[in-house]
Amino acid sequence: MPTLADYSQGAAFVRGQYLPIAEAAIPITDWGFLRSDATYDVVTVWDGAFFRLDAHLERFARSCESFRLDPGLSCAQITQVLEECVRLCGLRNAYVEMIATRGQPPWGSRDPRQAVNQFYAFAVPYVWIANEAQRAQGLNLVVSDVQRIPASSVDPRAKNYHWNDLTMGLLGALDAGGDTVVLTDGLGNVVEGPGFNLFCLNAHGVLVTPAQGVLEGITRRTVIEIAQAAGWPVEQRTLPVAELRGAREAFVTSSGGGVLPVTQVDGQAVATGLVGLVTQKLLDTYWAWHRDPRYSRAVVYG
Ligand code: PLP
């Protein structure tokens, strides 16, 4: 007797078919795999509702355009696929990824224009980029010597899998006893880390986040909107390493956990070394906005 598919660990959409996550695979010849020739986006489901799905779909469309990739599905069709992945696995808190790859040109051709682009998606349990203890105490962030891939080489505003700089930086940071890493632009300014943007509340009480050489994170945007609604000054500009070290507070932002406090930089306490009040307020409001119908869209589980 055939056994029922087990979607409890997640569900994927591959070439028009839904599969349990453990069975989902892409062809080895897809340039998405062979050349990191792909773009993607990650939206979350929290308490049974997508958070800022429209913003993620818009960014995904812009990323596809930037890399000359065509997912072959409209935003409404992508929404249906993502919803079906979540519905199949029944997860109330999920990490939901959509991917467009170059696919494969006909044999013998190396012309990317001849490739048939592919669309993939999956939903798995919610991913936190920091564990519970790190979230409570704050992260020890290491400033890496590794330079983030320049924006003139790969557009960082288009979400991409060119992660070797981030991964090598992270390995170095973990070896040094840190929790995670931030890369620089090679000119003494911090940019971003593996899966997150960075903010500090500087010595003058201004929230500063790097403007260049970064993905414009949806969580970053949410934090900027929360701060602006509260009347707090925010500056999007270059952020020198020295300004980060002398900050009153620091935190990183990601769909994988929201607002995540940073209490040490290279093992040295940021101000008191405790989670800051502004960080806590932003963190609380970030989660409160998940219940706001302006930003959330309930999943119909059926
Ligand atoms: N920067 C990079 C390189 C990322 O990969 C991510 C997310 O994965 C972010 C920043 C944060 O973006 P978001 O807040 O949209 O998750």
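Exactly which chymotrypsin sites (Phe, Trp or Tyr not before Pro) in region 248-302 are in a DSSP loop and have at most 15 other Cβ atoms within 10 Å?
TYR301
Counting only DSSP beta bridges with both residues in the chain, what percent are antiparallel, rounded to the nearest 5?
85
Per-residue HN-Hα couplings for region 18-30, Karplus 6.51 cos²θ - 1.76 cosθ + 1.60 at θ = phi - 60°, whole Hz, x for Gly and Pro?
Listing the rounded values in order: 8, 9, x, 4, 5, 9, 7, 8, 10, x, 5, 8, 5 Hz.
When N counts the residues of region 132-289, how does its alpha-carbon radius of gyration compare numerically with 2.2 N^0.38 Å, as a ratio?
0.94
Whole percent per 20 Å bin, from 0 to the bin with the longest distance: what is P(r) over all C-alpha pairs of the chain?
For the chain, the binned pair fractions read 32, 57, 11, 0 percent.
Report the residues of region 167-191 in range of a label on GLN212: point 7 Å along Cα→C-beta, backbone N strictly under 18 Å from it.
Zone members listed by number: 183-191.
Let me spell out the model: positive unit charges on the Cβ of Lys and Arg, negative unit charges on the Cβ of Asp and Glu, origin at the Cα centre of the chain. What dipole size does that give, in debye rounded to 20?
In debye, rounded to 20, the chain gives about 420.
Enter the Cα centre distance for the pair region 242-302 and region 30-57, rounded to the nearest angstrom.
What the calculation gives is 21 Å, centre to centre.
Could you pull out every residue, at least 5 positions away or on a different chain, whose amide H is within less than 5 Å of the one on VAL181? Hs are placed 1.01 Å off N in the peptide plane, and Pro or chain starts have none.
VAL142
Enumerate the residues in region 111-126 having an amide nitrogen under 14 Å from the point lying 7 Å beyond the Cα of LEU34 toward its Cβ.
Residues 111-117 fall inside that zone.
Does region 10-54 classify as rounded, prolate or oblate by the C-alpha gyration tensor (a ≥ b ≥ c root eigenvalues; a/c under 1.5 gives rounded; else a/b over b/c gives prolate, otherwise oblate)?
Here region 10-54 falls in the oblate category.
Could you rank PHE122, PHE13 by how accessible they are, 1.4 Å probe, largest area first?
Ranked from most to least accessible, the order is PHE122, PHE13.
The values are calculated or read from the model by the stated rules, or taken from the named source; none is laboratory data. Just so it is clear, the structure is predicted and the values come from calculations on it, not from any experiment. Note that each Cβ is placed from the backbone with ideal geometry, even for glycine, and that neighbours are counted across all protein chains shown. For the accessible areas, the whole protein counts, side chains as well, though only heavy atoms, and no ligand, DNA or RNA atoms are used. Shrake-Rupley method; radii C 1.70, N 1.55, O 1.52, S 1.80 Å.
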